[in-house]
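S.K.: Below is a structure I'd like to ask you about.
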Amino acid sequence: MHIHDPDGHVAAVEADFEYFRRKRLESRVLHFLRRGVITFADLLRADAEPERPAWADREWPDADAPIRYVEDELDRLVRGIAAATVPHAGAAPVAIDDTRKERGDYDPFFRIATRGLGEGSLDERLARLDAELADSHRLLDAFTRALLARGRVTEEQLAQRREQLSTVGHHNGARIVARAWVDEEFKRRLIETGRVAVRELDIPPGRLGRLGVAENTADVHNIVVCTLCSCYPHDLLGNPPWWYRTDEYKQRIVAEPRDTIRDMFGLDVPDGVQVRVHDSTSDVRWMVLPRRPAGTEGLDEEALAALVTPESLVGAAVVPPPEA
Amino acid sequence: MFRAGDRVRVLTDVPGGNPRTPHYLRGRTGTVVRAHGVVENPLDHHDPYPPLYTVAFPLPGGDETVADLHEEWLAAE
């Protein structure tokens with residue numbers, strides 16, 4: 001597998017989509033129906049068939065564009081689900097991991113169905129993903145409109161929630177890195193106290209365990225993995241890259257990190273530089289503080305932050321110098 | 001209690017212990033690099049686990065794997 005492996009990339013989108021569809025969207029709709037927050041009739045009244053061009057009629061600037069498109073549509077769905085679930089009367093926590101019951105361990109009666117999204121050629125898989133994503137967007141739209149129609153949420157609450165969610169992403173990670181590059185004292189506090197120091201940048205400290213910050217130096221190159229699942233400080237930094245959740249990455253990186261970094265990311269860590277792999281758990285979620293590239297002496301924090309990539313925050317890439 | 005610099009071995013099985021101890025580290029020997037004390041993490045587990053340590057495990061060629069493990073899983077080496 002390589003970072004530019006389209007099959008692996010699409011498989012990651014398929015797996016994530018199935019997870020969000022089953023566990024975050026449809027289970028939530030059912031939960032609200034069962035609790036009487038909205039009714040089936042509300043959903044039917046709120047439904048509208050969206051217009052969209054056939055997959056075959058669309059034109060793409062390059063081969064990666066359709067993959068980025070389905071990835072962006074999934075991202076939009078995930079944000080939409082989060083926005084629609086403003087805390088309100090009738091809401092209750094919904095289990096986010098498959099329970100044993102839902103896996104059918106005790107009784108197949110309770111199993112939540114999964115669908116075979118991975119069959120066929122790459123283009124067939126993309127077309128299917130596009131259609132399935134559109135269906136889920138349609139359900140989400142009806143669900144959101146039904147909540148509004150019932151007065152369970154207000155337009156103001158939704159707008160406020162969307163605003164909050166729009167600032168989440170690797171942008172925050174980039175700001176943390178840029179501040180650490182220009183402010184030694186902040187860097188020290190960041191490494192010492194993690195989430196506490198992050199507040200100085202008006203980034204909400206989140207609630208997901210501790211933040212571990214692994215600083216890359218002339219002697220050490222750090223890389224992050226979560227072999228157990230996909231722990232990552234995503235409440236602070238946004239989501240990790242797609243390959244972070246693949247079994248191949250998890251298994252190889254803890255056994256032969258130097259070769260894995262070279263094979264998967266095309267990054268040669270020089271001899272004499274130690275590779276240090278951080279296995280994240282729910283108690284300490286790690287990020288990498290990459291090295292500041294050469295030629296950035298005159299840049300301000302904002303310009304520095306713009307150089308930081310999501311890959312560099314997990315140690316799969318170095319931050320490139322600014323383009324001349 | 002362990003301190004940074006202590007050599008520790010990861011136990012192979014701790015009934016009732018934190019299940020999130022990676023299997024590939026069980027039975028391996030490493031060095032404590034940081035002691036975190038008891039970490040409260042109410043989102044992931046209701047009761048506090050025993051003290052948490054960052055432990056480094058050597059890999060061939062001088063590289064290393066670092067993981068955060070609870071005291072119940074560690075024995076002095």
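Quick note: the coordinates plus some simple rules give every number you see, no bench work behind them. From a predicted model like this one, the values you see are computed outputs, not experimental measurements. No Cβ is skipped: glycine too gets one built from the backbone with ideal geometry, and neighbour counts run over all protein chains shown.
S.K.: Need one value for B:57-64: mean number of C-beta atoms belonging to other chains within 10 Å of its residues' C-beta atoms.
M.R.: Averaged over the peptide's residues, the number is 6.
S.K.: If each residue of separation counts as 0.36 nm, what is the full-extension length gain between A:Glu26 and A:Arg79 once their alpha-carbon separation is subtracted?
M.R.: 17.6 nm
S.K.: Then there is this: As an exercise, use a Förster radius of 22 Å and the Cβ-Cβ distance of A:Asp123 and A:Glu51 to find the FRET efficiency, rounded to the nearest 0.05.
M.R.: 0.50
S.K.: Output the lone cysteines of chain A: those with no second cysteine's C-beta under 4.7 Å from their C-beta.
M.R.: Lone cysteines by the Cβ rule: A:Cys229.
S.K.: While we're here: What whole-number distance in Å separates the alpha-carbon centres of segment A:262-315 and segment B:1-65?
M.R.: With segment A:262-315 and segment B:1-65 each reduced to a Cα centre, they are spaced 24 Å.
S.K.: Let me ask another. Taking the Cα centre of the protein assembly as shown as origin and charging only Cβ (+1 Lys, Arg; -1 Asp, Glu), how large is the dipole, in debye to the nearest 20?
M.R.: Dipole size: approximately 1500 debye.
S.K.: Show me the three semi-axes of the equivalent ellipsoid for the protein assembly as shown, from the C-alpha gyration tensor (sqrt of 5 times each eigenvalue), largest first, rounded to whole Å.
M.R.: For the protein assembly as shown, the semi-axes come out at 37, 26, 23 Å.
S.K.: Give me the inter-chain shielding for A:206-216: mean count of other chain Cβ atoms within 10 Å, whole number please.
M.R.: The per-residue average across the peptide is 3.
S.K.: Here's a follow-up. Say R0 is 35 Å: what FRET efficiency, to the nearest 0.05, do A:Thr217 and B:Arg9 get from their beta-carbon distance?
M.R.: In this case the efficiency is close to 0.75.
S.K.: Right, something else. Cα gyration tensor of segment A:253-295, axes a ≥ b ≥ c as square roots of the eigenvalues: rounded (a/c below 1.5), prolate (a/b > b/c) or oblate?
M.R.: Taking the square roots of the gyration eigenvalues as a ≥ b ≥ c, segment A:253-295 is oblate.
S.K.: Would segment A:6-165 count as rounded, prolate or oblate if I go by the C-alpha gyration tensor, calling it rounded below 1.5 in a/c and otherwise prolate when a/b exceeds b/c, oblate otherwise?
M.R.: oblate
S.K.: What number, rounded to the nearest 500 deg cm²/dmol, is the helix-based mean residue ellipticity at 222 nm of chain A, given -39500 (n - 2.57) per DSSP H run of at least four residues and division by all its residues?
M.R.: Taken over chain A, the calculation gives -14000 deg cm²/dmol.
S.K.: Here is a follow-up. Please state the shape class of segment A:146-265: rounded when a/c is under 1.5, otherwise prolate if a/b exceeds b/c and oblate if not, all from the C-alpha gyration tensor.
M.R.: Verdict is oblate for segment A:146-265.
S.K.: Taking +1 at the Cβ of each Lys and Arg and -1 at the Cβ of each Asp and Glu, which of A:Val254, A:Pro293, A:Gln274 sits farthest along the dipole of segment A:219-317 towards its positive end, judged by Cα position relative to the Cα centre?
M.R.: A:Val254
S.K.: Same structure, new question: Between B:Met1 and A:Ala15, with labels modelled 7 Å along Cα→Cβ, what's the label distance in nm to one decimal, could you check?
M.R.: Modelled inter-label distance: 4.2 nm.
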